[in-house]
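What follows is one structure encoded as structure tokens, with my remarks underneath.
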Amino acid sequence: MQIGNRFRCYPTPAQAQVLLQWIGCQRYIYNAKVGEDQYFRSFARKSLTHTGEFAPIDQQYSQFKTELTPWLSEVPSIVLRNGTVLWKQAYSRYFSKLGGRPNFHKKHGKQSVWLTSELFEFTPVVDAETGEITGHQLHIGSKKYPVGFVEFKAHKDYKPPASLHISIHAGHWHISFNYDDKTIEPSDKDTTAWLMQFDAAELREMTVGLDRGVALPLAGSDGQQFDFTPVQDKRLAAQEKHKKRWQKRQSRRTKGSKNWLKAKRKVARYQRYGADVRRDVAHKTSCTLALDQRYKLYVFEALKVKNMTKKAKPKQDEQGRWMRNGAAAKSGLNKAILASTWGQTQVFLQYKARRQGKLVIEVPAHYSSQECAACGHIHKDNRVSQSVFVCQSCQHTDHADHNAGKVIAGRGVKQLLAGKGVKKEKKRCGILRNKVGAVGSEPGAAMHSTLGETEVSRLGGNTPALWSLTQETTARTPSGV
Ligand SMILES: [Zn+2]
């Protein structure tokens with residue numbers, strides 16, 4: 001299965017400068033390809049019958065290296081070529097209906113450069129006494145364009161990959177890569193089939209229902225609670241305060257000025273801190289759950305987080321005057337929902353559970369907080385307060401979140417046995433899938449020809465591309481080209 005890694009790395013200021021230059025040039029080439037394509041397509045739309053040509057989807061970039069762009073000659077050509085490869089990959093994603101057409105990469109926010117094995121090397125560090133490999137040194141650059149050894153911190157085991165991304169976001173550098181660990185990932189289909197051998201009572205034993213809330217981010221049907229630690233809460237609050245202060249300062253400074261930029265960077269750093277803490281909590285929560293030997297089935301309620309965090313609608317009275325609509329309260333609630341990592345925890349748990357041969361499913365969310373887990377009685381009076389649940393029919397009393405967790409677990413078991421366990425698997429990015437054997441196994445060996453050499457063409461190539469073209473051209477020029 002594919003294992004992804006993301007490690008912090010620490011380039012020196014001089015190294016960072018070179019890497020930033022590489023990042024900028026790769027983005028320039030990518031955007032140049034996007035611009036060229038958009039230009040030719042808008043031209044072809046108007047007069048395809050006269051010219052009959054779209055711009056080809058290829059990896060050419062020499063046309064962008066002119067007297068006006070001398071800086072492109074200062075970076076390795078591989079960096080530039082990889083820019084076009086990324087663009088081509090994005091295009092083939094579009095043709096296989098996995099995304100939109102490639103769009104311009106922005107100059108702000110997270111930035112990264114994709115390096116293939118020509119430009120980096122992991123050299124093993126061998127312990128002199130035991131002869132064991134204790135880690136790796138990462139060397140970046142080539143003979144002509146040396147960057148040197150870049151320090152990085154690996155917090156878990158990994159294998160040296162065949163290509164890697166180096167990214168910077170709000171002052172923090174990371175390297176990220178993935179490799180195939182040669183084990184076969186159990187599929188959700190097989191896991192479902194295996195789980196369906198059990199009866200309802202047995203299944204209930206190995207199922208945990210997970211209730212997501214605003215006051216408590218995640219509560220399990222077994223009484224487990226997952227929340228931020230008091231220290232994290234305190235720090236998040238402090239960082240939020242700092243962020244607001246700097247946002248205010250930024251808004252008062254002249255846009256584009258040095259001090260404005262300084263404030264902008266501060267805001268970005270505080271924002272990133274919050275995101276880091278939340279991702280950390282989501283990883284730890286999902287890991288604890290996935291490794292819990294008691295459970296084979298995890299049930300979430302299906303929440304449309306995007307819909308739930310929409311802005312409050314404006315309200316008008318009969319005369320058409322604007323009324324209070326509780327926008328401030330709603331935006332506070334939205335913030336709380338987004339800050340409680342509802343989505344992230346589920347996404348992480350999904351892949352971690354799959355690796356363990358376990359299953360994550362979603363059940364409808366209606367009245368899960370008002371239903372009694374013991375007798376099934378649904379009434380809004382059942383929930384006495386935020387945390388207390390007392391059934392009005394059978395007097396069953398529980399913590400409200402745990403009761404909801406049990407209801408969700410029960411629904412999950414029912415749904416699984418009814419054969420409606422998992423949703424249809426989503427199509428995934430298929431760019432590297434076929435070539436995956438080459439990646440990771442022998443770094444560097446097969447890279448030159450395999451990576452990025454996906455067959456994409458408007459005229460021929462892979463079938464989805466061809467199909468998409470026929471659709472497009474017939475729609476535009478009924479007479480045919
Ligand atoms: Zn009851």
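Structure summary
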| read-out | value |
| --- | --- |
| Nearest-ten-degree value, helix 230-252 long axis tilted from longest Cα axis of the chain | 50 |
| Normalised alpha carbon radius of gyration of the range 197-417 [divisor 2.2 N^0.38 Å] | 1.23 |
| Apportionment of accessible area to carbon and sulfur, the range 1-120, percent (1.4 Å) | 55 |
| Segment ARG272-ARG249, extension gain: residue separation times 0.36 nm, minus the distance between their alpha carbons | 6.5 nm |
| Helix 77-95 axis, angle to the chain major axis (alpha carbon atoms, nearest 10°) | 50 |
| Within the accessible area of the range 197-417 (1.4 Å probe), percent carbon and sulfur | 52 |
| Cβ crowding within 10 Å averaged over residues, with 111-121, 265-275, 397-407 ranked highest first | 397-407, 111-121, 265-275 |
| Per-q log10 I(q)/I(0), the chain, q = 0.07, 0.11, 0.12 Å⁻¹ (Debye; single scatterer per alpha-carbon; no solvent) | -0.53, -1.20, -1.32 |
| Surface accessible to a 1.4 Å probe, per residue, for the residues of the chain, Å² | 57 |
| In degrees, nearest ten, helix 400-417 long axis to first principal axis of the chain (Cα) | 70 |
| Normalised contact order of the range 197-417, rounded percent, pairs of Cα under 8 Å and 6 or more residues apart | 28 |
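The values are calculated or read from the model by the stated rules, or taken from the named source; none is laboratory data. Note that this is a predicted model, so its numbers are computed, not measured. As a convention, Cβ positions derive from the backbone with ideal geometry for all residues, glycine included, and neighbour counts pool all protein chains shown. Each accessible area value is taken on the protein alone, full model and side chains, heavy atoms only, with ligands, DNA and RNA left out. Shrake-Rupley method; radii C 1.70, N 1.55, O 1.52, S 1.80 Å.
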